[in-house]
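Participant: Below are the structure tokens for one structure; questions will follow.
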Amino acid sequence: MNPAAVEPPDEECAALLATAQRVVSQARVGEQLEAFVARSSYTSVKAHAQEIESFTSATSAGVGVRVVRDHRQGFAWAGSLEPDVIEDALREARDNAGFAEPDAWVGLAEPDGVAPVPFDAFDPAVAALPADRKIELALELERMVLAGDPRITGVRVAGFSDSIGRFAVATSTGIVGSSRGAWCSMSALALAADGDETYTGAGSTVGFSPDSLDLDEAAADAVLRATRLFGARPAPSRRLSVLFEPRVAATIIGILGSSLTGDRVLKGRSPFADRVGERIATPALTLVDDPTDHRSYAADMFDGEGLACRRNELVVDGVLQGFLYDSATGRRADRPSTGSAVRGVSSTPGVGCQALAVLPGSGSFEELLADIDDGVYVQSMTGLHSGVNVVSGDISVGIEGLIIRDGALAEPVREVTIASSLQRMLLDTRMVGADVEWLPGGTACPSLVVDEVALSGS
């Protein structure tokens, strides 16, 4: 029995799974067939100047069908679950397989005996929250930001959003699975002015239910970030320590995670391709990709191919343990899938990080700060698309933040860049904090202190 064959969490998931299985039941001899079926809804409310700028509420449903025959893969998708539309998608996928180039590694996932970890991040309160309450929350957040500081001159946007999703996957190889999830969030972008200087600051809050949203925290964060950089100037160039707060540190860790996927390794586009078993980071750093951790907003039971999600240790005590694979990259690398296939209805599965997490170290943000004699606290980074080379690992980005002097935050700084390489930064990470923050994308990261980073300024 396939261990992924667990009961669907609700009637809607059961209906999606039944649809996927009906498609799969039409598999022909010598043909592998997969159906990925999903239904979702979302709401987005945006407020400005105490008026509703936009209110969007939408639902969608669709199916993606994959056919593999004679090492040729065909795929088609449709934005409807009507039976005749699904039949058309199946016919198109079969036709597309006939035109595809043969690929020895193409094939559907096979049951691997890993049991799914039960998880149901679904609070009915998300769907039950009335539209007028969502509007009230957005307006309330805007009022709180405006009242937070006399230098706040406006709020570019204050918003509420929610998302509810269900999916099911079935294959002719014997995989079946379904899952559901719901979450909501609020955010504000504050605008502050003092003389001829203007800054913005963003604050947000996210939760699995409306009751877990913290408007006070979101408003205070937006106000602080918009007001504490007044008077910022370039700082003298030198090498110093850099304190990355959790949300900025998560960006660095995301770059690392993207370089540890099987496709990048197989294509020679990872600086860590041949370094399994070697120390690539400080012994204080342990990195996992763990969608079974139910604190993550990306937690789930199944990956995009229907295999059970699992905890994958990527770096333990600074030592590289391995890479993430889906079925195709795993076959090519002669490795089993790590349950790391990611996808949507309109795409075939691909390997990717799902819920990256740096395990907590020791020390609060204040304790990490106090241990830095000469450094810079980074509030934001710019130029990531042009300043980061994920193949070589080179990093050169603009930053805004505050100078750290003798263990305390000092004058604000802007129009400076920091430069290093991902490899060097991992080895020069001196401290990993205990202040782990769970971010909306599902990543968890604490503050990081990296030594010997080049600052270029005045």
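Just so you know, all these numbers are worked out from the coordinates, no wet-lab data involved. Since this is a predicted model, take the numbers as computed values, not measurements. Please note: Cβ atoms are built from the backbone with ideal geometry, for glycine as well, and neighbour counts cover all protein chains shown.
Participant: Using θ = phi - 60° and the Karplus form 6.51 cos²θ - 1.76 cosθ + 1.60, what ³J(HN,Hα) does each residue of segment 277-290 get, whole Hz, x for Gly and Pro?
Facilitator: x, 9, 7, 10, 8, 4, x, 7, 9, 10, 10, 10, 10, 9
Participant: So what are the ³J(HN,Hα) numbers for segment 110-126, from phi and the Karplus equation (6.51, -1.76, 1.60; θ = phi - 60°), rounded to whole Hz, Gly and Pro as x?
Facilitator: The phi angles translate into 10, x, 10, x, 7, 7, x, 8, x, 6, 9, 8, 9, 9, x, 5, 5 Hz.
Participant: Also: How tilted is helix 131-146 with respect to the longest principal axis of the chain? Cα atoms for both, answer in degrees (0 to 90, nearest 10).
Facilitator: Between helix and principal axis, roughly 20 degrees.
Participant: What order do you get for Leu16, Leu320 when you list them from fewest to most C-beta neighbours inside 10 Å? Kindly include the intermediate steps, with their values, before the conclusion.
Facilitator: Values: Leu16 27, Leu320 21.
Ranked by crowding around the Cβ, least crowded first: Leu320, Leu16.
Participant: In whole Hz, with x marking every Gly and Pro, tabulate ³J(HN,Hα) for segment 188-200 from phi via Karplus 6.51 cos²θ - 1.76 cosθ + 1.60, θ = phi - 60°.
Facilitator: Here the 3J(HN,Hα) series is 8, 10, 8, 10, 10, 9, 8, x, 9, 9, 9, 9, 10 Hz.
Participant: Looking at the square roots a ≥ b ≥ c of the eigenvalues of the Cα gyration tensor of segment 154-260, which shape do they give, rounded for a/c under 1.5, prolate if a/b is larger than b/c, or oblate?
Facilitator: Oblate shape, in that a/c is at least 1.5 and b/c is the bigger or equal ratio.
Participant: Which of rounded, prolate, oblate describes segment 9-98, given a ≥ b ≥ c as roots of the alpha-carbon gyration tensor eigenvalues and a/c under 1.5 marking rounded, otherwise prolate only if a/b is larger than b/c?
Facilitator: Here segment 9-98 falls in the prolate category.
Participant: Same structure, new question: How much length is gained on full extension from Ala370 to Asp132, taking 0.36 nm per residue of separation minus their Cα-Cα distance?
Facilitator: Contour length minus Cα-Cα distance gives 81.1 nm.
Participant: I've got another one for you. Mind ordering 323-335, 409-421 by average Cβ neighbours within 10 Å, highest first?
Facilitator: Packing order, densest peptide first, comes out as 323-335, 409-421.
Participant: Taking H as built 1.01 Å from N, whose amide H comes closer than 5 Å to the amide H of Val397, not counting residues under 5 places away?
Facilitator: Here the answer is Ile418, since their amide H atoms fall under 5 Å of that of Val397.
Participant: Name the residues whose placed amide hydrogens come within less than 5 Å of the amide hydrogen of Ala341, ignoring near sequence neighbours (fewer than 5 apart) on the same chain.
Facilitator: Here Gly304, Glu305 satisfy the definition.
Participant: Quick one: check the C-alpha center-to-center distance for segment 92-113 versus segment 161-216, whole angstrom.
Facilitator: So the separation of the two Cα centres works out to 34 Å.
Participant: Angle check, please: helix 11-24 long axis (alpha carbons) against the longest principal axis of the chain (alpha carbons), in degrees 0 to 90, nearest 10.
Facilitator: The angle comes out at about 50 degrees.
Participant: Here is a follow-up. Taking the Cα centre of segment 231-458 as origin, work out the dipole magnitude from +1 charges on Lys and Arg Cβ and -1 charges on Asp and Glu Cβ, in debye rounded to 20.
Facilitator: Working: 20 positive and 29 negative charges, 157 e Å.
Result for segment 231-458 is approximately 760 debye, rounded to the nearest 20.
Participant: Could you list Lys267, Lys134 so that the one with the fewest beta carbons within 10 Å of its beta carbon is first and the one with the most is last?
Facilitator: Numbers: Lys267 12, Lys134 23.
With the sparsest Cβ surroundings first, the list reads Lys267, Lys134.
Participant: Can you give the calculated 222 nm mean residue ellipticity of the chain, where each DSSP H run of n ≥ 4 adds -39,500 (n - 2.57) and the sum is split over every residue, rounded to the nearest 500 deg cm²/dmol?
Facilitator: Estimated from H runs of four or more residues: -6500 deg cm²/dmol.
Participant: Using Cβ counts within 10 Å as a stand-in for footprinting exposure, how do Phe244, Phe160 rank, fewest first?
Facilitator: So the residues, fewest neighbours to most, are Phe160, Phe244.
Participant: Given a Förster distance of 25 angstrom, what is the FRET efficiency for Arg430 paired with Val276, based on the Cβ-Cβ distance and rounded to 0.05?
Facilitator: So, using R0 = 25 Å, E works out to roughly 0.50.
Participant: So, one more: Please work out the Cα center distance from segment 327-397 to segment 276-303, rounded to the nearest Å.
Facilitator: 10 Å
Participant: Using Cα atoms only, what is the angle between the long axis of helix 246-258 and the major principal axis of the chain, expressed in degrees (0 to 90) to the nearest 10?
Facilitator: So the helix axis and the longest Cα principal axis differ by about 40 degrees.
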